[in-house]
Amino acid sequence: MKYYWVKTNRVVKWLLPKFLWEIKTDHKAVYLTFDDGPTPEITDWVLAQLQSFNAKATFFCIGNNVKNNPQIFKHIVESGHGIGNHTNDHCNGWNSDSDAYIKNVELCEAAISKNGGSITKIFRPPYGKLKMKQSRQLQKMGYKIVMWDVLSADFDTCITREACLNNVLRNIAPGSIIIFHDSVKAYTNLEYVLPKTLAFLNSEGYSCEVIA
């Protein structure tokens, strides 16, 4: 059985204060994020759901997926959503040489730039796994490392769609950064959870905003 914090523990946030876990706000705003795309059909579906609720989000893209799906990436950009770096091929920082890891991030940055995305210096490490040396190097390069406050666990094929939805709705608060995945693996859960999450946020008076 997998174990993970759905709501990121306050101690973790305190121990890693240079990472962005949530955003202080004086109004009811949340920050929806989507990792691992762009993915054919799935990312376009996500964009349609967001548009139907006039919601904005931030997409942490994999460089190779940007290169392989440039029109979908262009659709994300033209829809006014934020773009973040998620490495070129979903590297696990704990298992990677630090110099090679940084080069992988740079490859992703180049793919984003080449395909019309502005270079917003925000980065999310795949799996949330990053060595301190890597984080320091990225911060010296001007990157803000964005983690999350609420983990939907949509990637977990062992949980029910209802449990995935509860992970989100029970833990949302003003300023929450919520993580979803526009990936094939997550789609079964995401297809159920995202429309209901957007409807809930709309009914509760939340705005969905881009991470700058």
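Every read-out reported here was derived from the displayed coordinates using simple, explicitly stated rules and does not represent laboratory data. Note that the structure is a prediction, hence the values are computed from the model and not measured. Neighbour counts run over all protein chains shown; Cβ positions are idealised from the backbone, glycine included.
Could you calculate the contour length gain from residue 110 to residue 75, that is, 0.36 nm times the residue separation minus the distance between their Cα atoms, to one decimal place in nm?
Fully extending the segment from residue 110 to residue 75 adds 10.8 nm.
Out of the DSSP beta bridges found with both residues in the chain, what percent are antiparallel (nearest 5)?
Around 10 percent of the beta bridges assigned by DSSP in the chain are antiparallel ones.
If neighbour count is taken as other Cβ atoms inside 10 Å, put 157, 39, 120, 188 in order from fewest to most.
In increasing order of surrounding Cβ atoms, one gets 157, 188, 120, 39.
What is the spin-label model distance, in nm, from residue 48 to residue 188 if the labels are put 7 Å beyond Cα along the C-beta direction?
In this crude label model, residue 48 to residue 188 measures out at 2.2 nm.
To the nearest Å, what is the center-to-center distance of segment 99-131 and segment 42-85, using C-alpha atoms only?
Cα centroid to Cα centroid, the span is 16 Å.
Give me 66, 105 ranked fewest to most by other Cβ atoms within 10 Å of their Cβ, as a rough exposure proxy.
With the sparsest Cβ surroundings first, the list reads 105, 66.
At a Förster distance of 41 Å, what's the computed FRET efficiency of residue 18 paired with residue 166, Cβ-Cβ distance as r, to 0.05?
Once rounded, the FRET efficiency stands at 0.85.
Note down the relative contact order for segment 10-208 as a percent, whole number, built from C-alpha pairs under 8 angstrom at least six residues apart.
RCO, segment 10-208: 31 percent.
Whats the longest run of the chain with zero trypsin sites (Lys or Arg not before Pro) that are DSSP loop and have at most 16 other Cβ atoms within 10 Å?
29-120
Between residue 35 and residues 5 or more places away or on another chain, which pairs have amide H atoms under 5 Å apart, with H built 1.01 Å from N, and which residues are they?
Here the answer is 60, 180, 181, 182, since their amide H atoms fall under 5 Å of that of residue 35.
Counting only helical runs of four or more DSSP H residues, what would the 222 nm mean residue ellipticity of the chain come to if each run contributes -39,500 (n - 2.57) and the total is spread over all its residues?
It comes out at -12000 deg cm²/dmol, rounded to the nearest 500.
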